[in-house]
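One structure is given below, encoded as structure tokens.
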Amino acid sequence: MTVRRPPLRVGGALSSVGLLCLLGVSGCAGFAGATPAPPSTTAPTTTTTARTTTAPAYTLPETCAGLLTVSQVSDALGARLPGTTTYVVGEAEPGIGRTGRVTCGYGVTPATATAGASDPILEVSVFTYTDPGAAAARVEALVAARRAEGEASGAAAVPGADAVLLTGPAETTLVATVDSRTYALTLVPGLLDAPATRTALETLASVAAGTTTSPSAGRPAGTSSSAPTG
């Protein structure tokens, strides 16, 4: 969260002598019979305003390409993704300070007449919160819950973010927090070995966290769309 600060005043106020002179000519001339004071040679002080800049507010991506492109995912995983990409907008949850969510599924096999759509090979979500404290609290709750289920947790390397890697038998998830937003990337098991999984998730989290996005086009919350990944 960016806190706007008042402009910084640079330079001092007028001296007390100068101020008294402004109050009346007789005050500068002194008493009767006294030697007149020499004219002041002090240059008038100036006041400048220091300009402050604020980073633009983060907006949720309106497409999955605004989060991670298929090419970026394929490059990180070392294989071309099959299927389609799905896009879902979640609702805000004021009770926990969440202001929005977008979830993208990469490598989803579409449903057929006899079978439903597959789970994504990689699922990436970005959550926005009212402030960094709310974001951190949700990550702490997630880590505690996953540990209680028997998953292992450890630090992950994502530049500019606080990141943790959660590893379990069903999936591996990297959670990275940047300011008041959190990224969660989950990869299915068996695609890569453990070291390669960590490397791929750290790489993708770094890219996602540094992505600039355009304002949302107003897609209704809870809706989804899909697009071919080929």
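The values are calculated or read from the model by the stated rules, or taken from the named source; none is laboratory data. Model, not experiment: these values are computed from the prediction. Glycine also receives a Cβ, built like all others from the backbone with ideal geometry; neighbour counts cover every protein chain displayed.
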Please verify whether region 127-146 includes one or more residues that are under 18 Å from residue 172 (Cβ atoms), touching a helix residue (DSSP H, G or I) at 6+ places or on another chain (Cβ under 9 Å) and buried (at least 19 other Cβ atoms within 10 Å of the Cβ). no
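Residue by residue, here is whether (1) touching a Phe, Trp or Tyr at 6+ places or on another chain (Cβ under 8 Å); (2) in contact (Cβ under 8 Å) with a residue 12 or more places away in the chain; (3) not assigned by TED's automatic domain parsing to the domain that holds residue 125 holds:
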{"position": "142", "(1), (2), (3)": "no, yes, no"}
{"position": "150", "(1), (2), (3)": "no, yes, no"}
{"position": "155", "(1), (2), (3)": "no, no, no"}
{"position": "167", "(1), (2), (3)": "no, yes, no"}
{"position": "173", "(1), (2), (3)": "no, yes, no"}
{"position": "181", "(1), (2), (3)": "yes, yes, no"}
{"position": "193", "(1), (2), (3)": "no, no, no"}
Kindly indicate whether residue 79 is at pLDDT 55 or above, surrounded by fewer than 15 Cβ atoms within 10 Å (Cβ to Cβ) and in contact with a strand residue (DSSP E or B) (Cβ under 7 Å, 6 or more places away or on another chain). no
What number of residues in region 83-126 are acidic (Asp, Glu), closer than 20 Å to residue 174 by Cβ and surrounded by fewer than 19 Cβ atoms within 10 Å (Cβ to Cβ)? 1
If residue 157 satisfies every condition in (1) under 21 Å from the mean Cα position of the chain (by Cα); (2) over 25 Å from residue 137 (Cβ atoms); (3) surrounded by fewer than 19 Cβ atoms within 10 Å (Cβ to Cβ); (4) modelled with pLDDT of 90 or more but one, which is the exception? (2)
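Within the group 100, 105, 95, which residue is of a type outside the set (Val, Ile, Thr), in a strand (DSSP E or B), without any contact (Cβ under 8 Å) to a residue 24 or more places away in the chain and assigned by TED's automatic domain parsing to the domain that holds residue 162? Lay out the reasoning, then the answer.
Details: 100 fails: without any contact (Cβ under 8 Å) to a residue 24 or more places away in the chain; 95 fails: in a strand (DSSP E or B).
It is 105.
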